[in-house]
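Note sheet for the following structure.
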Amino acid sequence: MVSVAQTVDSVALLPAYLAAGTAVLVLLVDLLLARPVATVAAAATGAVATAVGAAAVSVGGERRTFCVGADCSYVFGGRAALVAALVALLVLGVLALSGPLLRDGRTPVGEFCFLLACSMTGGVVLGAAGDLITLIVAVETLTLPLYILVGLRRGSLAGAEAAVTFFVVSVVATTLTLLGAALLYAATGGLHLERLGVLLADRSELLDLPLTTVAVTLVVSGLAFKVAAVPFHAWAPATYDGAPLPVAAYLSTASKLGGVVALLAVVQHALPPGVTGPVLALVAALTMTVGNLVALRQRRTVRLLAWSSVAQAGYILAPLGALALADADARAGAYAAALAYAVFFVLLELAAFAGVVALRPAGADGGRLDDLRGAARRHPWVGAGLAFALVGLAGLPPALAGLFAKVTVVRSLLGGDAGWLALLVALNAVVGLAYYLRFAALLYAPAGDVTPAAVRPARVVAVALAVATALAVIVGFAPQLVLDLAGG
């Protein structure tokens, strides 16, 4: 038996240590102190430490660990740091929005914070995954706690139904991904993403094998479930609507970001662009079109946001549809554009959910759109924050983040000679204006006989998230910084 030396870089693993340590810390604080405030504070402190640790580790450049020769299972660079910091900040934002949910006594605080910290650990590792096994385990670590979070609220039938729906669909998606990974290993003998890319590029006969075609199809299909891309999207609206609002916010942001990052990793490094490009172009076209058309008919707030997030997934995947035609530089720009759009989407989506949480009664679901009629008249600042997030998702100024994201996607498509898909993105963006602006206008419509929501600290969070996103883009450094990190 031949022994192989393997390098381990603990500095590269620091963000993962901090995230996992946060979960352990939350357990200990909840066990020893049994004070909800202390438990939430421990989780929030750990999330901040994880974000800071990820930023600090990235300063020294790319770091690789768990390496055998040139193949590494963990690669922590600028992109991994961006994903890790963003997931940690999303956890922090969800904790800030969860005050009313945790105070009503129906949701155990310790378990809620522990599951969020476990999910954060998966998100941190996911951005740095260098092989299929690490990637799939990280995706499942990010996703598994969400099954419980969706149905954690005691006495909620809607939450239990949503949790079961989410669990069944996710198990199917995971099975497909694992089977695809196994078949890919059988065909190529490799698991590391970069090694797979080299093998499939150098040995063209592998692409002619039916086994390879089936493997690639299963891996892409399984990860498309996580992104809620059409035709693997049906679980998302029911799950979002049945989950507590803060959990729905986390599902539509961190969970979707994880699926996008995983799909980007295998498409960029492992799978042949000539095969995946046309498939992803078709999936992106269907996803944005179906999502926007169905969102037009929604009358429940969370279902509208859920269907709009399906459409947004189409915009995120659109740059990958030009991979078969693009050269190396254009492909790099497409990968960066997809991740940059995902970053701005999750920030604006979290701001939108924050506004809904702030304007709804404590412990209530998202309700119907008519329940928010005139909300901006009663609560101007929170209403303005929610309207700003909706305008950003629509891609209109003054919400420059959404506008920049859509322009970046269209530019990458034109650079990849996929003009038809760029035109479809533009047309769907126009369709999206109808329901985003209708929702925003409803906030300023005459209120009628609607009971005002009580003032709560979550409103401050809604305004802060929206203003922070706006300032980061208006200052001018955020767009290029995100593109640089996404490209790394």
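Taken together, the values in this text are just the output of simple stated rules run on the coordinates, not laboratory data. Everything numeric here is computed off the predicted structure, so don't read it as measured data. Counting neighbours? That spans all protein chains shown, and the Cβs are built from the backbone with ideal geometry, glycine included.
Per-residue counts of other Cβ atoms within 10 Å, averaged by peptide: what ranking do you get for 222-230, 389-397, highest first? Can you show the working numbers first?
Values: 222-230: 26.2, 389-397: 23.8.
The peptides rank, most packed first, as 222-230, 389-397.
Under a Cβ-Cβ limit of 4.7 Å, which cysteines in the chain have nobody to pair with?
113, 118
How do 79, 35 rank when sorted from fewest to most other Cβ atoms within 10 Å of their own Cβ?
Working: 79 25, 35 12.
By the 10 Å Cβ count, ascending: 35, 79.
Under the Kirkwood approximation for Rh and a Cα-based Rg, what ratio Rg/Rh is obtained for the chain? If you can, show how the numbers build up before the last one.
Values: Rg = 21.5 Å, Rh = 22.4 Å.
Rg/Rh: 0.96.
Taking the beta-carbon count within 10 Å as an exposure proxy, list 269, 379 from fewest neighbours to most. Before the final figure, lay out the partial values.
On the way: 269 18, 379 22.
The most exposed by this proxy come first: 269, 379.
Below 8 Å, C-alpha to C-alpha, sequence gap of six or more: please give me the relative contact order for the range 30-143 in percent.
On the way: 139 pairs, mean separation 32.7, N = 114.
Taking the mean separation of contacting Cα pairs over the length of the range 30-143, I get 29 percent.
Based on other C-beta atoms within 10 Å, arrange 67, 118, 113 from fewest to most.
Working: 67 18, 118 21, 113 30.
Least to most surrounded, the residues fall as 67, 118, 113.
I'd like to compare 238-244, 352-358, 248-254: which one has the highest average count of other Cβ atoms within 10 Å, and what's the full order after that? Don't skip to the answer; put the middle values down first.
Values: 238-244: 25.4, 352-358: 29.7, 248-254: 28.0.
Averaged packing, sorted descending, gives the order 352-358, 248-254, 238-244.
Express the relative contact order of the chain as a whole percentage, based on alpha carbon pairs under 8 Å and six or more residues apart in sequence. Before the final figure, lay out the partial values.
Values: 905 pairs, mean separation 64.7, N = 488.
Once normalised by length, the contact order is 13 percent.
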